[in-house]
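Single-structure report; data block below.
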Amino acid sequence: MKTITILLPAYNEAESFPSIKECMKTVIDNNQEYDWEFLFVNDGSTDQTLQRMKELNAQDNRYHYIDLSRNYGKEIAIMAGLDYVKSDAVIIMDADMQHPVSVIPEMLKHWEEGYDDIYAQRQTSNESWLKQKTSKLYYKILQKSTNIPIQKDTGDFRLLDRKCIDALKEMRETDRNNKGMFSWIGFQKKGIFYQQNERRYGKTKWSYYKLLNLALTGITSFTTTPLRFASIFGIIVSLLAFLYLIYIIFKTLIIGDPVQGYPTLMVTILFLGGIQLIALGIIGEYLSHIFNETKKRPGYFIREYK
């Protein structure tokens with residue numbers, strides 16, 4: 001019998017555990033031809049999340065948990081979970097149960113057909129209009145700036161075969177963007193669609209700042225296009241400045257118009273200064289990744305695994 005682990009990273013999701021238990025029971029009852037295991041990752045929760053995990057572990061030995069030493073973020077929490085998965089495949093889901101378990105049989109069907117990565121794409125979203133638009137813009141930018149095929153409207157909800165798990169375990173960088181990494185490793189992929197559930201308890205942990213930080217990490221981790229864009233833009237600005245210089249000389253010497261000193265000088269300095277700051281910021285993003293990775297610190301520490 002094939003074994004499958006459902007990986008559930010959680011941060012302050014204590015209220016969701018009755019729903020989690022109900023949904024996991026549905027998975028077991030509807031897919032009895034597989035041996036199921038459930039692995040929670042407590043990402044430094046400050047509520048009763050860890051206690052709920054321990055209670056489930058005491059009630060049923062199919063439930064296990066990893067207690068991280070602090071809050072590392074969802075990307076690292078998934079990394080930690082994959083390190084402890086021993087099954088033939090893993091299904092990554094959000095602990096808030098917005099990912100419907102009803103699509104799991106379809107995932108299993110495609111896995112049995114030979115696909116290694118069955119990813120779920122949202123047909124509808126309960127997020128705000130601004131989040132939806134910025135998400136679409138992010139995926140559009142990422143798809144156009146990298147030669148890796150990035151699946152749009154796709155999160156961490158997916159089934160990964162053992163070979164995908166082993167490949168991801170070899171990628172030990174700490175500035176992680178799992179969505180890009182899932183695409184980078186390749187293997188046979190299959191997309192399916194799902195309707196996102198309403199969140200029953202609590203509120204989202206993803207602020208606009210965290211989403212922006214994740215987007216910047218994704219772009220700078222999988223493409224050097226921003227650096228190339230800064231170089232090209234610098235060349236264009238220099239060319240325009242040279243043409244403007246010729247125009248000023250022509251206007252002064254041929255037409256006889258006096259050069260407007262202060263306004264022209266201030267506009268030029270502010271414009272070029274802004275361009276330089278943008279270029280330095282782009283370089284700084286890449287340098288920060290190099291700085292973090294060269295320290296070679298472990299991605300996480302755990303307090304307990306059971």
- Restrict the check to the stretch 42-49 and report whether at least one residue is within 20 Å of residue 99 (Cβ to Cβ), of a type in the set (Gly, Ala, Ser) and more than 23 Å from the chain's Cα centre (by Cα). no
- Kindly check whether there is at least one residue in the stretch 93-111 that is in contact (Cβ under 8 Å) with a residue 12 or more places away in the chain, farther than 23 Å from residue 154 by Cβ and either out of contact with any helix residue (DSSP H, G or I) (no Cβ under 9 Å at 6 or more places or on another chain) or open to solvent by 10 Å² or more (accessible area, probe 1.4 Å) (or both). no
- Task: Quickly run through the stretch 43-63 and pick out the residues that are of a type outside the set (Phe, Trp, Tyr), open to solvent by less than 40 Å² (accessible area, probe 1.4 Å) and under 14 Å from residue 24 (Cβ atoms).
- Result: 53, 56, 57, 60
- Note on the structure: Quick count over the stretch 1-33, residues being buried (at least 17 other Cβ atoms within 10 Å of the Cβ) and not in a helix (DSSP H, G or I), is 10
- Read through the list (1) modelled with pLDDT under 70; (2) surrounded by 11 or more Cβ atoms within 10 Å (Cβ to Cβ), then give the number of the only condition that residue 288 fails. (1)
- Message: Given the criteria assigned to a helix (DSSP H, G or I) and within 28 Å of residue 177 (Cβ to Cβ), does residue 97 qualify?
- Response: no
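The values are calculated or read from the model by the stated rules, or taken from the named source; none is laboratory data. Values in this document were obtained by computation on a predicted structure and should not be read as measured data. Methodologically, a virtual Cβ is constructed for each residue, glycine included, from the backbone with ideal geometry; neighbour enumeration extends over all protein chains shown. Heads up: the accessible areas ignore ligands, DNA and RNA and are worked out on the full protein's heavy atoms, side chains in. Shrake-Rupley method; radii C 1.70, N 1.55, O 1.52, S 1.80 Å.
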